[in-house]
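Notes to accompany the following structure.
The values are calculated or read from the model by the stated rules, or taken from the named source; none is laboratory data. None of the values given here were measured: they were computed from a predicted structure. So basically every Cβ, Gly included, is an ideal-geometry build from the backbone, and we count neighbours across all protein chains shown. Just so you know, the surface numbers come from the protein's heavy atoms only, side chains and all, with ligands and any DNA or RNA stripped out. Shrake-Rupley method; radii C 1.70, N 1.55, O 1.52, S 1.80 Å.
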Amino acid sequence: MSSWPSCSMDDVLCLTGPDPFVRGVRGARRGPAWRNADGRAVAFTAYDSEDRIRSLVALGPPDRTPELVFGVRDQVPEGIRVIVPRGTPLPLSQRSDWHFRAAYAGPPRQPAEAAARWSEDEEAITELLTLVSPGTSAWPGDAKVRRWAEIREDGRLVACLADTTAASGVGHISAIAVHTGVRGRALGPSITAWAMRRMFAEGCDVVTLGVYADNTVGLRMYDRLGFTVDRAMTSGVLKPPA
């Protein structure tokens, strides 16, 4: 058994403040959580849409987080993904660097927002994602997707977005895609701004998303849309002990 102090997610939120990343993790309040002795590093489990443990999240200074991850690894399923701040010295395979972004206010008005709406055409969305974003994190039929947004021109789907909100009050956006034939016309910012506005109107106090670290165009777009929180993160599978 782990010798690290266990705690509740309320304790984690007390230690981290009303952190939008912690608040928005699916099922975070259900599972076990831990902290180091001085409370500077915390760890907790996240769940997937089918209620299975999906990852171990560890937050804190990069020099304090590894000992906590190693200390609780026997308390979580082998081979699950670990999510840590960028620069944390852990032996990870299948490594992915990305940014967690969060916005607390509605975005500047975008030119094509009036064309956006919620969508039920999952076949067209699948076709668009397959064409322009085959590595996307959300697909039609995924249980984690609450609904899809779309923009159409002359009846053709040209942009889409997934609402993958997992926790009350914390809107989450995924799978933003724009057809290659209409890029450069602000359809990506427009559908994102439209969805953000809807989420705030429905009672969310923050809207979040994740973006790969090498997506410089996306990072600049989210800056313009008012995403003021920018947390550099790394995900990967913890390698077994040598």
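Within the stretch 37-56, how many residues turn out to be within 15 Å of the chain's Cα centre (by Cα) and modelled with pLDDT of 85 or more? The total comes to 6.
Looking across Val132, Val84, one residue alone is of a type in the set (Val, Ile, Thr), surrounded by fewer than 20 Cβ atoms within 10 Å (Cβ to Cβ) and modelled with pLDDT of 95 or more. It is Val132. Could you list all residues from the stretch 48-69 that are part of a helix (DSSP H, G or I) and surrounded by fewer than 15 Cβ atoms within 10 Å (Cβ to Cβ)? The one that is part of a helix (DSSP H, G or I) and surrounded by fewer than 15 Cβ atoms within 10 Å (Cβ to Cβ): Glu67. In the stretch 213-242, what residues are farther than 19 Å from Ala58 by Cα and either assigned to a strand (DSSP E or B) or of a type in the set (Phe, Trp, Tyr) (or both)? Scanning the stretch 213-242 gives Tyr222, Phe227.
So, of the residues in the stretch 206-229 that are open to solvent by 80 Å² or more (accessible area, probe 1.4 Å) and in contact with a helix residue (DSSP H, G or I) (Cβ under 9 Å, 6 or more places away or on another chain), which turns out to be farthest from Arg81 (Cα to Cα)? Only one residue tops the list, namely Arg224. The set of residues in the stretch 87-96 being over 18 Å from Tyr212 (Cβ atoms) and open to solvent by 50 Å² or more (accessible area, probe 1.4 Å) consists of Pro89, Pro91. Taking the conditions (1) surrounded by fewer than 16 Cβ atoms within 10 Å (Cβ to Cβ); (2) within 19 Å of Ala115 (Cβ to Cβ); (3) among the aliphatic types (A, V, I, L, M) in turn, Leu157 satisfies each one other than (1).
For the stretch 19-36, taking the residues that are modelled with pLDDT under 85 and open to solvent by 70 Å² or more (accessible area, probe 1.4 Å), the one that is farthest from the chain's Cα centre (by Cα) is identified as Arg30. Pairing residues of the stretch 33-60 that are free of Cβ contacts under 8 Å to residues at least 24 places away in the same chain with residues that are of a type in the set (Gly, Ala, Ser) and surrounded by fewer than 23 Cβ atoms within 10 Å (Cβ to Cβ), at Cβ distances under 9 Å and at least 6 apart in sequence or on separate chains, gives Tyr47/Gly27; Tyr47/Ala28; Tyr47/Gly31; Tyr47/Ser55; Tyr47/Ala166.
Inside the stretch 166-187, residues that are free of Cβ contacts under 8 Å to residues at least 60 places away in the same chain and either open to solvent by 10 Å² or more (accessible area, probe 1.4 Å) or of a type in the set (A, V, I, L, M, F, W, C) (or both) make up a count of 13.
Kindly check whether there is at least one residue in the stretch 101-118 that is more than 21 Å from Gly218 (Cβ to Cβ), surrounded by 16 or more Cβ atoms within 10 Å (Cβ to Cβ) and not aromatic (Phe, Trp, Tyr). No, because not a single residue in the stretch 101-118 is more than 21 Å from Gly218 (Cβ to Cβ), surrounded by 16 or more Cβ atoms within 10 Å (Cβ to Cβ) and not aromatic (Phe, Trp, Tyr).
Conditions tested, residue by residue: (1) free of Cβ contacts under 8 Å to residues at least 40 places away in the same chain; (2) under 24 Å from Pro20 (Cβ atoms).
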| residue | (1), (2) |
| --- | --- |
| Gly106 | no, yes |
| Ala112 | no, no |
| Ala116 | no, yes |
| Glu122 | yes, no |
| Gly135 | yes, no |
| Trp139 | yes, no |
| Lys144 | no, yes |
| Arg156 | yes, no |
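Do the conditions hold for Pro32, that is, is it farther than 18 Å from Ser8 by Cβ and not charged (D, E, K, R)? The answer is no for Pro32. Here Ala143, Ala149, Ala138, Ala162 are screened, and the one residue that is open to solvent by less than 30 Å² (accessible area, probe 1.4 Å) and not in a strand (DSSP E or B) is Ala138.
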